[in-house]
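*Asks:* Encoded as structure tokens, here's the structure I'll be asking about.
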Amino acid sequence: MLAAVYHGQRDVRVQEWPDPPPPAAHEIQLEVLRASICGTDADEFATGPHLIPLTAPHPASGHVGPLVIGHEMVGRVVEVGAEVTGLAVGDVVVPGSGVSCGTCRWCRAGRTNLCAGYYTVGLHVDGGLAQRVNVPARISRSVGNCPADVAIMAQPLAVALHAVRGTGAEPGTRVAVIGLGGIGSLVVAACTAWGIETIGVDVSTARLEIAGRSGCSLLIDASRQDAATAIRRATRGDGADVVIETSGVPQGLGTAMRAVSRGGHIRLVGLHRDPSPLDLTRLVLDEIRMSTSKVHICDQDLPEALALLDDHPQIASTSLDAVIGLEDVVPAGLMRMAAGDAAGKVVVKP
């Protein structure tokens, strides 16, 4: 089969790759209908490997060496493992990205995204930027009547829902979203669907336009003005009650620190790989809460994302940047995203 295979930094090859073996007892095999490229994929391509186990086996998955990337996908079931129930050949499903054991203390508490044996499809085992892939049945959910072009947004939307839910934001909460890329724009869409107004911050005109179409009530171009000052001006000097930081760059955290209100909440979603400014004194004196958000909880967030897309299918088209073929994953997908040129999600038709 044809697949996008990670061999190292700036080295992803669209090449012939062995078909996946017959699925294990608890797995299903999917014919991939749609996949999409995540910011994490672009980060691994541009500056990695950070998460992909190229030289040493991953402690949970056991994989080592080049692998097929891609953890956002929609697929048609073509084969089921011997012990799979509830899914059948021909069903169209969205898998969650993370695989959990189901038995450790974190899984028993419902926090499967923190599982002691957690690993990610497309980062720690072969993923969905290919024509076929094996995934655990327990992390897969039927899309129902949701078209594949809409359902492809379910996994990243689940990430956005998990991030927003953790802030406790509700209608009337003043929420600022810093970084309006693939996840940031979906955070805005999730807030809009829940009746929460947002202030959006980015340096890209195209990403700001997408956030506006997603329902952002105020757009701030951080390349033209100081974003924290603009947020405080819009909130009568108080600052935002909640700041969701999805950019992963030091400037984004610096803006969040200056823009959040007393007693406010900063939620970190973007992965920060560079040293970041953190005014611990202000965190204490103004009793500012800081929390982080990792991926999603499959049983809660993925069904909710599919239901939200069923009710608001425009979320998918609004958040879309481009649809490309598998052969164009590197130049039209990973390279554009690594350069910051993609305004929204890049979807792939394998």
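*Asks:* Out of every Cα-Cα pair in the stretch 167-292, what percent are more than 25 Å apart?
*Replies:* Values: 986 of 7875 pairs.
Here the tail beyond 25 Å accounts for 13 percent of pairs.
*Asks:* Putting +1 on Lys and Arg Cβ atoms and -1 on Asp and Glu Cβ atoms, find which of 154, 192, 123 reaches farthest to the positive end of the dipole of the stretch 99-229.
*Replies:* Highest projection toward the positive end goes to 123.
*Asks:* Something else about it: How would you rank 85, 255, going from fewest to most other Cβ atoms within 10 Å of each one's own Cβ?
*Replies:* Fewest to most other Cβ atoms nearby, the residues stand as 85, 255.
*Asks:* Here's a follow-up. Considering only the other residues whose Cβ falls under 14 Å of the Cβ of residue 182, what net charge follows from Lys and Arg at +1 and Asp and Glu at -1?
*Replies:* -3
*Asks:* While we're on this one: How big is the gap, in Å, between the Cα center of the stretch 11-44 and the Cα center of the stretch 274-340?
*Replies:* So the two Cα centres are separated by 20 Å.
*Asks:* Further, regarding this structure: Take the Cα pairs of the stretch 1-116, get the Kirkwood Rh, then feed it into Stokes-Einstein at 37 °C and 0.692 mPa s and tell me D in µm²/s. Please report the intermediate quantities before stating the final value.
*Replies:* Details: Rh = 15.9 Å.
The diffusion coefficient I find is 206 µm²/s.
*Asks:* How do 268, 161, 218 rank when sorted from fewest to most other Cβ atoms within 10 Å of their own Cβ?
*Replies:* 218, 268, 161
*Asks:* While we're on this one: What are the semi-axes of the equivalent ellipsoid of the stretch 245-350, taken as the square roots of 5 times the eigenvalues of the Cα gyration tensor, listed largest first and rounded to whole Å?
*Replies:* Taking √(5λ) for each eigenvalue gives 32, 20, 11 Å, largest first.
*Asks:* Using the basic label-point model (7 angstrom from Cα toward the beta carbon), what is the residue 82 to residue 285 distance in nanometres?
*Replies:* About 6.7 nm separates the two model spin labels.
*Asks:* So between residue 224 and residue 299, what do we pick up on full extension, going 0.36 nm a residue minus the alpha carbon distance?
*Replies:* Fully extending the segment from residue 224 to residue 299 adds 22.8 nm.
*Asks:* Where the centroid of each part is defined by its Cα atoms, how far is the stretch 128-167 from the stretch 220-252 in Å?
*Replies:* First find each Cα centre; the distance between them is then 30 Å.
*Asks:* Within a 10 angstrom radius of the beta carbon, how do 209, 327, 304 rank from fewest other beta carbons to most?
*Replies:* Starting with the residue having the fewest Cβ neighbours, the order is 327, 209, 304.
*Asks:* Still on this model: Could you give the length gained on full extension between residue 323 and residue 50, defined as 0.36 nm per residue of separation minus the Cα-Cα distance, in nm?
*Replies:* Once the chain is fully extended between residue 323 and residue 50, it gains 95.6 nm.
*Asks:* What's the longest bit of the chain with no exposed trypsin sites (Lys or Arg not before Pro), using DSSP loop states and at most 14 other Cβ atoms within 10 Å as the test?
*Replies:* 112-223
*Asks:* In square nanometres, what is one fourth of the surface area of the convex hull spanned by the alpha carbons of the stretch 29-96?
*Replies:* Values: hull surface 22.6 nm².
With every direction weighted equally, the projected area is 5.6 nm².
*Asks:* A further question follows. Identify, among 89, 5, 100, the residue whose Cα sits farthest towards the positive end of the charge dipole of the chain, taking +1 on the Cβ of Lys and Arg and -1 on the Cβ of Asp and Glu, with the dipole about the Cα centre.
*Replies:* 100
*Asks:* Along the principal axes of its C-alpha atoms, what lengths does the chain span, in descending order and rounded to whole Å?
*Replies:* 60, 40, 38
*Asks:* Provide the FRET efficiency to the nearest 0.05 for the residue 209-residue 104 pair, computing r from the beta carbons and using R0 = 41 Å.
*Replies:* Approximately 0.40, to the nearest 0.05.
*Asks:* Under a point spin-label approximation (7 Å from Cα along Cα-to-Cβ), what is the residue 292-residue 349 distance to one decimal in nm?
*Replies:* Rounded to a tenth, the inter-label distance reads 3.9 nm.
Coordinate-derived values only; no laboratory data. Since the structure is predicted, the reported quantities are computational estimates derived from the model, not experimental observations. Quick reminder, even Gly has a Cβ in these numbers, built from the backbone with ideal geometry, and neighbours come from all protein chains shown.
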